[in-house]
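Structure first, commentary second.
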Amino acid sequence: MSMIPLSRKPGELVQREPRPSVWAKKMSEVKQNKHMYVMIAPYFMIFFIFTVLPVFLSLTVSFTNFNMLEFPDWVGWQNYARLFIRDDIFLLAVKNTIYFAAITGPISYIVCFVLAWVINELSPKVRAVATLIFYAPVLSGNAFIVWTLLFSGDSYGYINAFLLKFRLIAEPILWLKDPQYIMAIIIIVQLWLSLGTSFLAFIAGLQSMDKTLFEAGAIDGIRNRWQELWFITLPAMRPQLMFGAVIQITSSFAVAEVATTLAGFPSVQYAGHTIVTHLMDYGNIRFEMGYASSIATVLFGIMLGSNLLVQKLLKKVGE
């Protein structure tokens, strides 16, 4: 015999079962995927210990006066006030870093993708050789020796020798000691070294694309390679594009080795001074860890803001 539901009287409230809270939903999801969480637990622990925890410790130490010998002394916002009000060298380092990143970041990012796109159209054997050629500067441990010889300040430097031979200059130019040329040379060398991890990520993304997307695009009205690139290739490669952007932003804002190797430390009139070299000065030489942590925190904020901006721009790709 079927059950006939009782009719509700007018004005009578219906009692509904309480909805599970957000925390209950999360816990239920964790229980359902517990094996997956167990698998990623080692990576999460390593990431938390060596990445997340140092960021919070650096942020805390930035509000103290800490010389690694005595217990940290809480000073509040004094380190940040000193950075932006009294430290003229830091302001010059910020100017140099932003100028450097504004040029090398976008150019190297676009060049990496364009080269990966062109190389992807080659045959597999030619593609492998071309990839190795363009990635070779990153693999070379003595990459700076070539540029040091090119821009040597005596007459034996290749550029000076060439200019002197054709009588374009009367005497050798001190390329790496003249503030007029230091930043330009650092930018050139960084661009030469920029075909690294993001370049390989772009090639991997292009190789892993679903070929049926191009057939569907042709049916939907895509008629040329530019439309194919904008509406199919770039939207399908958003993860690789974001990864490459993070790598390029990090390498652009964290430049230090190129500047110190070519221009010395400190460079003449601080022409090649960057935020990271300023951080190295106070952290590795003066051991003012509180002040160095405030520099690192400012750099972290700049990188984070740049990554969020790039992420918003990449969401508009293909629209």
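The values are calculated or read from the model by the stated rules, or taken from the named source; none is laboratory data. Just so it is clear, the structure is predicted and the values come from calculations on it, not from any experiment. Cβ sites come from the backbone with ideal geometry, for glycine too, and all protein chains shown count toward neighbours.
One table, with the values for the structure above:
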| item | result |
| --- | --- |
| First in the range 113-141 and closer than 17 Å to Gly244 by Cα, second anywhere and not β-branched (Val, Ile, Thr) and not in a helix (DSSP H, G or I), Cβ under 8 Å, 6 or more apart | Leu115/Leu195; Phe134/Leu195; Tyr135/Leu195; Tyr135/Gly196; Val138/Leu195; Val138/Gly196 |
| Pairs where the first residue, in the range 48-68, is surrounded by fewer than 11 Cβ atoms within 10 Å (Cβ to Cβ) and the second is among the β-branched types (Val, Ile, Thr) and part of a loop (DSSP other than H, G, I, E, B), C-beta under 6 Å, 6+ apart | none |
| Options Arg167, Arg223; residue that is without any contact (Cβ under 8 Å) to a residue 40 or more places away in the chain, on the phi > 0 side of the Ramachandran plot and either surrounded by 15 or more Cβ atoms within 10 Å (Cβ to Cβ) or assigned to a loop (DSSP other than H, G, I, E, B) (or both) | Arg167 |
| Residue satisfying condition, being out of contact with any Leu (no Cβ under 7 Å at 6 or more places or on another chain), over 26 Å from Thr233 (Cα atoms), part of a helix (DSSP H, G or I) and of a type in the set (Ser, Thr, Tyr), within set Tyr99, Tyr109, Tyr156 | Tyr99 |
| Residue check, Ala102 under 30 Å from Gln311 (Cβ atoms), of a type in the set (Gly, Ala, Ser), out of contact with any helix residue (DSSP H, G or I) (no Cβ under 6 Å at 6 or more places or on another chain) and free of Cβ contacts under 8 Å to residues at least 12 places away in the same chain | yes |
| Per-region count, the range 189-220, residues touching a residue at least 12 places away in the same chain (Cβ under 8 Å), among the aliphatic types (A, V, I, L, M) and over 22 Å from Pro124 (Cβ atoms) | 3 |
| Hits in the range 25-67 - residues which are modelled with pLDDT of 85 or more and part of a loop (DSSP other than H, G, I, E, B) | Ser62, Phe63, Phe66, Asn67 |
| Residue, surrounded by the fewest Cβ atoms within 10 Å (Cβ to Cβ), within the range 170-208, restricted to residues that are closer than 30 Å to Ile232 by Cα and of a type in the set (Phe, Trp, Tyr) | Trp192 |
| The range 115-127 - residue that is assigned to a helix (DSSP H, G or I) and surrounded by 12 or more Cβ atoms within 10 Å (Cβ to Cβ) and, of those, farthest from the chain's Cα centre (by Cα) | Arg127 |
| Tyr181 vs. criteria out of contact with any helix residue (DSSP H, G or I) (no Cβ under 7 Å at 6 or more places or on another chain), assigned to a helix (DSSP H, G or I) and either touching a residue at least 60 places away in the same chain (Cβ under 8 Å) or under 26 Å from Tyr99 (Cβ atoms) (or both) | yes |
| Exclusive hit being under 15 Å from the mean Cα position of the chain (by Cα) and more than 28 Å from Asn120 (Cβ to Cβ), set Leu314, Leu299, Leu241, Leu262 | Leu299 |
| Any hit, the range 301-319, residues being modelled with pLDDT under 85, of a type in the set (A, V, I, L, M, F, W, C) and over 30 Å from Met183 (Cβ atoms) | yes |
| Which numbered condition Gly283 fails, given (1) over 22 Å from Ala101 (Cβ atoms); (2) without any contact (Cβ under 8 Å) to a residue 40 or more places away in the chain; (3) not hydrophobic (A, V, I, L, M, F, W, C) | (1) |
| Enumeration of residues in the range 103-147 that are at pLDDT below 85, within 16 Å of Val189 (Cα to Cα) and among the hydroxyl-bearing types (Ser, Thr, Tyr) | Tyr135, Ser140 |
| Any hit, the range 257-267, residues being farther than 22 Å from Ile187 by Cβ, free of Cβ contacts under 8 Å to residues at least 40 places away in the same chain and of a type in the set (A, V, I, L, M, F, W, C) | no |
| Residues of the range 74-89 classified as more than 14 Å from Ser294 (Cα to Cα) and surrounded by 11 or more Cβ atoms within 10 Å (Cβ to Cβ), total | 1 |
